[in-house]
1. From the residues 18, 67, 28, which one has its Cα farthest along the dipole of the chain in the positive direction, the dipole being from +1 and -1 charges on Cβ of Lys/Arg and Asp/Glu about the Cα centre?
2. Between residue 71 and residue 5, 0.36 nm times their residue separation minus their Cα-Cα distance comes to what?
3. Quick one: grab Rg to one decimal and Dmax as a whole number for the chain, Cα atoms only, in Å.
4. Taking the Cα atoms only, what angle lies between the long axis of helix 3-16 and the longest principal axis of the chain, rounded to 10 degrees?
5. Under the definition of Cα pairs under 8 Å and six or more residues apart, what whole-number percent is the relative contact order of the chain?
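Any read-out appearing in this document is the output of simple, stated calculations on the displayed coordinates, not a laboratory observation. Only a predicted model underlies this, so the values are computations on that prediction, with no experimental measurement involved. Backbone-built Cβ (ideal geometry, glycine too); neighbour counts: all protein chains shown.
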Amino acid sequence: MNPESEARKCVDWNRRHQIGTEVEYHSVIGDTKPGVRYKTRSSAELLSGHTAVVWLEGKSGCVALDACVPVDRAEAA
């Protein structure tokens with residue numbers, strides 16, 4: 001993963017989505033089956049300088065932004 005592009009993902013996510021955004025989380029990135037819905041409980045951040053992550057209500061630990069699809073986008077697909 002490129003740290004600069006991961007940092008850019010955080011900036012872009014935070015510009016478009018507020019804390020409390022509903023997302024579909026997929027434990028397997030790119031899975032086409034419906035994901036589990038959560039709300040974000042943090043802004044996106046860079047984990048250890050290499051991975052864009054966000055924290056979800058009711059989920060332990062942070063998850064990769066790539067594993068989360070905002071519900072408005074998920075419903076449009």
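1. Final value for the positive-end residue is 18.
2. Gain on extension, residue 71 to residue 5, equals 21.5 nm.
3. 11.6, 33
4. Helix 3-16 and the main axis of the chain meet at about 50 degrees.
5. Taking the mean separation of contacting Cα pairs over the length of the chain, I get 32 percent.
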